[in-house]
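Read the structure below first, then the notes.
The values are calculated or read from the model by the stated rules, or taken from the named source; none is laboratory data. Every value quoted in this text rests on a predicted model; they were computed, and no experiment measured them. Every residue, glycine among them, receives a Cβ derived from its backbone with ideal geometry; neighbour counts consider all protein chains shown.
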């Protein structure tokens with residue numbers, strides 16, 4: 001019966017377009033082409049100042065997208081990332097702020113703020129993960145509702161006001177690009193190694209490919225899923241540190257509009273919405289590509305809405321590419 | 001009605017059908033018998049358009065018939081009633097019946113509910129199913145689902161219906177009802193092919209009988225020319241040695257004096273409605289078969305033993321230690337392995353590579369604390385070692401996604417995964433290890449299973465193909481309705497006795513609370 005179902009694919013002599021579609025470097029290639037094509041026509045696109053600016057807005061997004069990558073690999077999605085960023089932002093500010101913080105002026109203010117932010121991010125991730133594994137709820141609904149709840153909570157707690165007067169050391173983490181880079185590089189390298197070389201990484205991919213087979217093969221599937229959401233929460237907290245430092249104040253609506261960018265950049269990079277596929281380096285490429293579009297269209301003086309339309313279109317194309325890649329195998 | 005003319009088919013150099021010719025005459029029922037592997041399924045796959053023949057022709061109602069797919073077969077009026085039904089359990093009977101041709105309100109894309117109900121009711125009356133057409137199929141017992149399937153065939157105006165082992169999951173009254181219906185269909189002039197291992201039924205229902213053996217027609221003629229004894233003598237006579245590797249007798253039975261240690265012991269395992277009071281011991285180096293019909297509780301027992309399904313009472317001991325409270329993960333660590341019935345859903349990560357699949361269970365043993373970074377060199381060596389041991393086809397590259405392999409090679413990947421995990425040969429539970437696998441790969445798999453047993457593993461093998469169990473097992477337990485009904489030891493295997501025990505009615509698996 002199944003003799004017919006198991007067709008043997010022909011040894012492939014794939015054409016150039018098909019090879020390109022399958023290539024891991026497609027997005028990187030597109031980014032380079034895009035940059036080269038637009039640089040001559042876009043005032044200031046290739047200037048050192050602009051590139052530095054690009055880098056500083058790119059890094060926090062990259063950190064948040066790393067978390068999203070981990071969750072997508074395991075076959076889930078984390079829509080609550082932006083609410084975690086907002087909640088962490090006001091938490092950190094509430095601890096460290098110079099005029100209204102609990103530890104205002106204390107030398108422990110900055111480390112305590114960082115620890116509190118990581119704790120909040122990790123706990124929200126833990127909640128997401130447990131709700132998904134214990135109650136077998138779809139990740140989409142769980143994280144959509146946590147997104148709504150925690151965004152609302154952040155605004156309610158602060159009565160929609162920003163918390164300023166943060167210590168300079170705290171602001172420097174996100175504000176000084178070289179320091180941010182110094183923070184992000186080891187983080188990305190660590191994430192890359194854990195995904196590609198550790199047992200945990202392999203478990204993530206296996207669970208994303210086929211959770212039932214993974215369970216039968218002795219993978220602690222529930223634990224792996226929970227760990228993915230916790231890691232995503234922690235990375236969102238790190239992103240919150242960077243965004244808050246850049247804004248120099250804790251804001252309950254920080255990153256409110258970034259959800260599309262976070263999920264979009266990850267998918268553009270090549271992580272699969274169907275689970276089992278994704279890499280830190282791919283996500284980096286996706287972030288670069290999305291930010292290039294963002295930045296160049298800004299420089300061309302296009303309106304916010306036009307930029308949204310273009311970005312939406314690009315992300316849709318990336319999702320289509322994901323589906324196409326699955327079909328091509 | 002239908003003629004087969006010199007049909008031949010080979011899979012991977014193994015001839016499955018050789019010059020098969022016979023005809024199904026209009027308005028008559030043809031009984032098709034043969035042992036598993038005789039070529040019945042392949043022939044029906046050719047008829048149904050799932051597989052093209054290598055050579056030979058078919059004619060349907062005088063016209064040439066060469067279906068390119070199952071859809072074309074259905075359009076030409078051929079319907080299959082399988083043991084595994086093709087219904088949507090979540091939809092109602094009427095929706096299942098008219099899924100592809102809903103009656104509509106005029107030309108509007110709106111279902112004409114009343115017409116739907118009336119037509120469905122008429123069809124259900126024809127097949128003698130007394131259920132409201134709006135009932136969800138999942139709420140029907142197996143026998144009634146089958147009637148729905150037959151009603152569907154009638155709604156598509158099928159003129160030739162193939163019944164492939166239709167009674168395996170039916171109770172005796174359900175089977176009786178089916179036979180009555182078949183008789184009515186015959187009187188209405190439908191042609192049927194009836195495939196079954198229950199020879200008395202075949203003799204009772206058929207007008208003509210064809211016996212296949214080793215892919216050839218071993219006998220054909222009107223029913224009157226056959227008896228159960230004659231059918232059996234025509235069916236048997238295969239060369240078992242071709243397919244089933246020989247084991248040295250010394251290894252098979254060490255004699256009662258030196259009984260090897262027990263690896264897996266099951267003491268009174270009971271789960272209400274599933275299995276009742278299962279007791280057996282599996283010894284080192286032993287291949288123990290679980291025979292029985294579909295739904296007898298064999299796969300369910302395997303899942304309980306591996307910890308995937310709950311068990312209310314009883315003890316499971318692995319090498320003397322109780323494991324019934326442990327997770328599958330812990331049981332794997334203790335040396336239990338489970339090759340599931342469903343290779344695609346539970347055996348493999350189809351999108352992942354061959355080597356990733358093989359390594360999956362053994363990752364932790366190839367990692368260094370504290371972060372669990374993998375020792376790739378050691379892992380790669382281990383994977384290619386076991387990959388060679390299972391004789392995976394050389395064209396299957398390590399980084400190729402498993403879904404690109406044939407069924408036989410996929411199953412070898414699953415087996416390789418467990419062989420690698422069980423460095424110390426443990427206990428291997430195999431649920432339908434050769435389902436959907438061509439004859440060539442089967443032989444390899446049997447060889448590998450017996451090799452594992454020779455190295456000291458205990459093997460518990462479940463198969464719906466009795467022949468397979470007879471070919472590789474040292475001992476066979478027969479299950480029916482969730483209980484073990486009989487036990488046979490090599491060389492005293494008796495096909496008739498196994499079938500009798502498997503068919504034994506007896507009380508239901510467990511009294512309903």
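Of the residues screened, residue A:230 is not one that is at negative phi, within 12 Å of the chain's Cα centre (by Cα), touching a residue at least 24 places away in the same chain (Cβ under 8 Å) and assigned to a helix (DSSP H, G or I). Just one of (1) surrounded by fewer than 20 Cβ atoms within 10 Å (Cβ to Cβ); (2) on the phi < 0 side of the Ramachandran plot fails for residue B:436. It is (2). In segment B:73-102, of all residues being in a loop (DSSP other than H, G, I, E, B), farther than 22 Å from residue B:185 by Cα and out of contact with any strand residue (DSSP E or B) (no Cβ under 8 Å at 6 or more places or on another chain), the one that is farthest from the other protein chains (Cβ to nearest Cβ) corresponds to B:101. Within segment A:123-143, if we keep just the residues that are surrounded by fewer than 21 Cβ atoms within 10 Å (Cβ to Cβ) and under 18 Å from the mean Cα position of the chain (by Cα), the residue that is farthest from residue A:232 (Cα to Cα) turns out to be A:140.
Yes or no, residue by residue, for (1) within 14 Å of chain A (Cβ to nearest Cβ); (2) free of Cβ contacts under 8 Å to residues at least 40 places away in the same chain; (3) outside any helix (DSSP H, G or I); (4) over 27 Å from residue B:316 (Cα atoms):
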position: B:388; (1), (2), (3), (4): no, yes, no, yes
position: B:409; (1), (2), (3), (4): yes, yes, no, yes
position: B:415; (1), (2), (3), (4): yes, no, no, no
position: B:429; (1), (2), (3), (4): yes, no, yes, no
position: B:461; (1), (2), (3), (4): no, no, yes, no
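Count of segment B:55-72 residues, restricted to those that are assigned to a loop (DSSP other than H, G, I, E, B), surrounded by 15 or more Cβ atoms within 10 Å (Cβ to Cβ) and in contact (Cβ under 8 Å) with a residue 40 or more places away in the chain, is 1.
Of all residues in segment B:366-377, those satisfying the criterion of being part of a helix (DSSP H, G or I) and either farther than 24 Å from residue B:403 by Cα or modelled with pLDDT of 95 or more (or both) are B:366, B:377. Just to be sure before I move on: is residue A:150 closer than 19 Å to residue A:85 by Cα, modelled with pLDDT of 95 or more and under 24 Å from the mean Cα position of the chain (by Cα) in the structure I sent? So residue A:150 passes the test.
Within segment B:347-360, is even one residue surrounded by fewer than 22 Cβ atoms within 10 Å (Cβ to Cβ), at the interface with another protein chain (Cβ under 10 Å from one of its Cβ atoms), touching a strand residue (DSSP E or B) at 6+ places or on another chain (Cβ under 9 Å) and assigned to a loop (DSSP other than H, G, I, E, B)? Scanning segment B:347-360, I find at least one residue that is surrounded by fewer than 22 Cβ atoms within 10 Å (Cβ to Cβ), at the interface with another protein chain (Cβ under 10 Å from one of its Cβ atoms), touching a strand residue (DSSP E or B) at 6+ places or on another chain (Cβ under 9 Å) and assigned to a loop (DSSP other than H, G, I, E, B), so the answer is yes.
Among the candidates B:50, B:45, the residue that is without any contact (Cβ under 8 Å) to a residue 60 or more places away in the chain, within 25 Å of the chain's Cα centre (by Cα), part of a loop (DSSP other than H, G, I, E, B) and within 13 Å of another protein chain (Cβ to nearest Cβ) is uniquely B:50.
Yes/no matrix, rows are residues, columns are (1) away from chain A (no Cβ under 12 Å); (2) part of a helix (DSSP H, G or I); (3) closer than 27 Å to residue A:191 by Cβ:
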site: B:316; (1), (2), (3): yes, no, no
site: B:324; (1), (2), (3): yes, no, no
site: B:338; (1), (2), (3): no, no, no
site: B:345; (1), (2), (3): no, yes, no
site: B:364; (1), (2), (3): no, yes, yes
site: B:381; (1), (2), (3): yes, yes, no
site: B:397; (1), (2), (3): no, no, no
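Of the residues making up segment A:253-271, just one is over 17 Å from residue A:79 (Cβ atoms) and assigned to a loop (DSSP other than H, G, I, E, B), namely A:270. Taken over segment B:439-459, the criterion of being within 14 Å of chain A (Cβ to nearest Cβ) and either in contact with a helix residue (DSSP H, G or I) (Cβ under 6 Å, 6 or more places away or on another chain) or surrounded by 24 or more Cβ atoms within 10 Å (Cβ to Cβ) (or both) is satisfied by B:441 alone. Taken over segment A:199-215, the criterion of being more than 7 Å from chain B (Cβ to nearest Cβ), surrounded by fewer than 24 Cβ atoms within 10 Å (Cβ to Cβ) and more than 13 Å from residue B:348 (Cα to Cα) is satisfied by A:201 alone.
Annotation for segment A:182-189: no member residue is in a helix (DSSP H, G or I), within 14 Å of chain B (Cβ to nearest Cβ) and within 30 Å of residue B:413 (Cα to Cα). Please verify whether residue A:195 is within 24 Å of residue A:62 (Cβ to Cβ), away from chain B (no Cβ under 14 Å) and in contact (Cβ under 8 Å) with a residue 24 or more places away in the chain, treating the condition exactly as stated. Criteria not met by residue A:195. Of the residues contained in segment B:121-143, one or more are found to be closer than 29 Å to residue B:480 by Cα and assigned to a strand (DSSP E or B). Tallying residues that are in a helix (DSSP H, G or I) and at the interface with another protein chain (Cβ under 7 Å from one of its Cβ atoms) within segment A:216-227 yields 1. A count restricted to segment B:220-259 and to residues that are farther than 17 Å from residue B:470 by Cβ and modelled with pLDDT under 70 stands at 8.
Of the strands (runs of 3 or more DSSP E) entirely within segment B:173-223, those holding at least 2 residues that are surrounded by fewer than 16 Cβ atoms within 10 Å (Cβ to Cβ) occupy B:216-222. Determine if segment A:234-242 includes at least one residue that is in contact with a helix residue (DSSP H, G or I) (Cβ under 9 Å, 6 or more places away or on another chain), within 14 Å of another protein chain (Cβ to nearest Cβ), assigned to a helix (DSSP H, G or I) and closer than 30 Å to residue B:366 by Cα. No. Looking across A:300, A:273, A:317, one residue alone is over 30 Å from residue B:334 (Cβ atoms), surrounded by fewer than 23 Cβ atoms within 10 Å (Cβ to Cβ), within 14 Å of chain B (Cβ to nearest Cβ) and at pLDDT below 90. It is A:273.
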